[in-house]
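Chemist: Structure in structure tokens, see below.
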Amino acid sequence: KKEKAALEKARRTSKNRRRALIVAPSVAAAGAAGYGLAFHGIPAFRYYQADRLLAMKEFDQAKAAFLGIAPYRDSARRAVESDYLAAKEAMRVGTLTSLKTAQDGFDALKDYEDSSDLAKEARYLRAQKLRDAGQYESAADLFNEIADYQDADEQALYSRYLWAKKLMDDLQFDKAREKLLAMSEYRDSA
């Protein structure tokens with residue numbers, strides 16, 4: 001009986017070892033698959049979704065999605081790219097409000113790609129719109145902010161000139177004279 005019990009015990013031990021040899025790699029494989037899915041598969045899918053949002057011009061949602069997976073690949077840079085593309089889209093729209101949004105967006109991005117140049121361009125376009133709307137003082141001030149950009153200094157002077165002419169049309173001769181004297185060399189200001 002002792003021999004039979006020992007033989008049975010040896011058989012169970014052998015059977016348990018075989019099970020362990022089968023189960024252990026399976027558990028390890030399942031763990032590796034779970035790890036791969038959690039740390040690579042899911043972030044890759046979320047990155048894809050964020051990229052799709054960016055392609056559909058859902059800039060705020062894309063930025064949030066990229067920030068949600070920030071350590072994954074270049075998602076932190078793509079979040080900044082979302083802001084950049086949003087500002088470019090706002091500038092493309094070209095209204096006073098959207099140009100201000102673009103200007104602020106590019107200012108916030110500072111040295112990202114060509115943001116500083118685009119911030120100046122947004123100011124320039126906005127100043128032109130302000131002048132076209134008869135807001136000469138605001139236009140001149142905005143042109144002065146970017147005096148070194150294209151012909152902004154000339155545009156500022158022209159805006160002040162139009163402002164003085166508007167004051168004359170409104171019969172505000174003293175204010176008009178003051179403005180015209182300040183630019184006596186410009187056109188027929190004298």
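Chemist: Any of LYS129/LYS175; LYS88/LYS179; LYS100/LYS166 with alpha carbons more than 28 Å apart? Name them for me.
Modeler: As for pairs spanning more than 28 Å Cα to Cα, those are LYS88/LYS179.
Chemist: Give, rounded to the nearest 20 debye, the magnitude of the charge dipole that the chain has about its Cα centre when Lys and Arg contribute +1 at Cβ and Asp and Glu contribute -1 at Cβ.
Modeler: Details: 33 positive and 30 negative charges, 680 e Å.
Value, rounded to 20: 3260 debye.
Chemist: Take every Cα pair under 8 Å in the stretch 39-124 that's 6+ residues apart, average their separations, divide by the length, and report that relative contact order as a whole percent.
Modeler: This gives 19 percent for the stretch 39-124.
Chemist: Next question, about the same structure. Given a 1.4 Å probe, how much area per residue of the chain is accessible, in Å²?
Modeler: For the chain, the per-residue accessible area is 66 Å².
Chemist: Further question on the same structure: Starting from the Kirkwood radius over alpha-carbon pairs of the stretch 119-184, derive D by Stokes-Einstein at 25 °C in a medium of 0.890 mPa s and give it in µm² s⁻¹.
Modeler: 209 µm²/s
Chemist: Could you order the peptides 56-64, 167-175, 5-13 from most to least packed, using the average number of other C-beta atoms within 10 Å per residue? All intermediate terms of the calculation are to be shown ahead of the outcome.
Modeler: Details: 56-64: 16.2, 167-175: 11.9, 5-13: 9.9.
Per-residue Cβ counts within 10 Å, averaged per peptide and sorted highest first, yield 56-64, 167-175, 5-13.
Chemist: Also, quick follow-up: Where does the chain land at 222 nm, in deg cm²/dmol rounded to the nearest 500, when only DSSP H runs of n ≥ 4 count, each adding -39500 (n - 2.57), divided by all residues?
Modeler: -26000 deg cm²/dmol
Chemist: Under unit Cβ charges (Lys, Arg +1; Asp, Glu -1), what dipole magnitude, rounded to 20 debye, does the stretch 58-127 have relative to its Cα centre? Write down the numbers at each step before the final one.
Modeler: Values: 11 positive and 13 negative charges, 21 e Å.
I would put it at about 100 debye.
The values are calculated or read from the model by the stated rules, or taken from the named source; none is laboratory data. For clarity, every value in this text was computed on a predicted model and none was experimentally measured. Cβ coordinates were reconstructed from backbone atoms using ideal geometry, including for glycine residues, and neighbour counts include every protein chain displayed. Note: accessible area is taken over every heavy atom of the protein model, side chains too, but ligands, DNA and RNA are not part of it. Shrake-Rupley method; radii C 1.70, N 1.55, O 1.52, S 1.80 Å.
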